[in-house]
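Reviewing the structure listed below.
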Amino acid sequence: MPISSRITDFYNKSIEERREHIAEILGLSIEDIHILRNSELSEDISNILIENVIGSISLPLGIATNFIVNGKEHLVPMVIEESSVVAAASHGAKIARKKGGFTSEYTGSYVIGQIQILGISDFDIAKKVIKENHSLLLEIANSTNQILLDLGGGAKDIELRQVGGQLGDYLLLHLIVDTKDAMGANAVNTMLEKLQPKIEELTNGKVLLRIVSNYALKRMVKVKAVFDKEELGGEDVVNRILIANDLAQNDKFRAVTHNKGIMNGIIAVLLATGNDTRAVEAGIHAYAARDGRYSALTEYEKNSDGDLVGYLEIPLSIGILGGAINVNPSYKLALKILNIKDVEVFTNIVGAIGLAQNLAALRALVSEGIQKGHMRLHARNIAMTVGAKGDEIKKIANQLLSEENISHDRAKEILKTEK
């Protein structure tokens, strides 16, 4: 039965009601619900994942609603500590729904592995001999991973670059590997290690670094959405968003915060699914500076109907299996909630989250201001920090908002009168 990511008043339901609703529409098992209710990671699993474990830290897992990506509905799990991010992503997706949601293209699951070769006396000869042994080198690399090869992946090509540094000139061999549904860092690094002796033999050079590159230019996603002008608040709001994005295109101080908003959504999904957030963020920010200056990742234009058209193109090297994903049941459940079968669909969804997040932030900034939504959610946090519990939290938060005085001191005063 097809699901709908449009869930009316989802935010007004209790946590248990939300769990039951998600479980019902996705057909989650009793075990899945148990994972959601008891999300604290076991010490046994924690001790496997990292070193020197003494405990674990939990973060909220929320669901972004309203997403249609390439014609299919998706509920998107997000893990984040910041107020308003899940709500903003859901709102951006809701605006996009009227015009069909998000369309997204994915270039494929290709990862670049780098081998740094030192001591090359004649770069032209070294490049020539590597090219002559192209097939042999791919065969050696692929000998390390028969499973990946059987799935249609594996090392596919070799590219050569010459880089001059302050301490010397280096020949870089780029091994291009199709890692299929995995992010693939471990598989690629193993291939690079295997290639070292043959590379040194062929070039008479010395291999130093053998490591995957997180600048995933061969693993790109390009997302587009049309945002209805009336849903945005009218033509004036559309024009203001265009001006705001123009600033982010031309001023790095604004661009950094602009792109941080995009990453709010992307990183939250990657945290929920056990992906390498640091690798992805480093690659995306490098892409934002690809022309020698740091700039906004999104582009917007107005179409003939006066609607806003948004675009986001980023490198996105992520996976749905391997590493921590295979160990942590919460990651597996998050992928189950996404209702996906391969990394292409997953990547398209993550790209859509980034665009939705940016659109919602820009709309808020050029209309009511970003603080209104932030403070509405922040009021509950303040109520809890002063000791409010249960129904007191909502009551105190509402009073803080009605008084437009969202402060710890006022929250304490209100709590005192409640006791």
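Since every read-out is calculated from the coordinates, none of them should be taken as a lab result. Everything quoted here is computed from the prediction, not taken from an experiment. Counting neighbours? That spans all protein chains shown, and the Cβs are built from the backbone with ideal geometry, glycine included.
GNM on the chain, alpha-carbon springs under 10 angstrom: the most fluctuating residue among Gly351, Gly261, Gly387 is Gly387.
To the nearest 20 Debye, how big is the dipole of the stretch 1-130 about its Cα centre, given +1 on the beta carbon of each Lys and Arg and -1 on that of each Asp and Glu?
Values: 12 positive and 17 negative charges, 178 e Å.
With only Lys, Arg, Asp and Glu charged at Cβ, the dipole is about 860 debye.
The count of lysine pairs in the stretch 110-213 that are at least 8 places apart or cross chains, and whose C-alpha atoms lie under 15 Å apart, stands at 8.
Springs join every pair of Cα atoms under 10 Å in this Gaussian network model of the chain, and among Gln196, Gln162, Gln357 the largest mean-square fluctuation is at Gln162.
Selection among Phe10, Ser46, His21 by position relative to the dipole of the chain gives Phe10 as farthest towards the positive end (Cβ unit charges, Cα centre).
Kindly point out which whole DSSP H helices in the chain project their C-alpha atoms 20 angstrom or further along the helix axis while averaging a Kyte-Doolittle hydropathy of 0.5 or above. It would help to have the intermediate numbers written out before the result.
Working: long enough: 185-203 (25 Å, -0.33); 235-250 (23 Å, -0.03); 252-273 (31 Å, 0.68); 343-366 (35 Å, 1.37); 370-385 (23 Å, -0.45).
Long hydrophobic helices here: 252-273, 343-366.
Evaluated with a Cβ-only charge set (Lys, Arg +1; Asp, Glu -1), the stretch 372-418 carries a dipole of roughly 160 debye about its Cα centre, given to the nearest 20. Relative to one another, the C-alpha centroids of the stretch 1-58 and the stretch 326-354 are positioned 14 Å apart.
Each of Leu362, Leu401, Ala296 was placed along the dipole of the stretch 283-419 (beta-carbon charges, centred on the mean Cα), and the one lying farthest toward the positive end is Leu401.
Each DSSP beta bridge with both residues in the chain is either parallel or antiparallel, and the antiparallel ones are about 95%.
Note on Lys302: lysines with a C-alpha under 21 Å away, same-chain residues under 8 apart excluded, are Lys94, Lys98, Lys99, Lys222, Lys224, Lys229.
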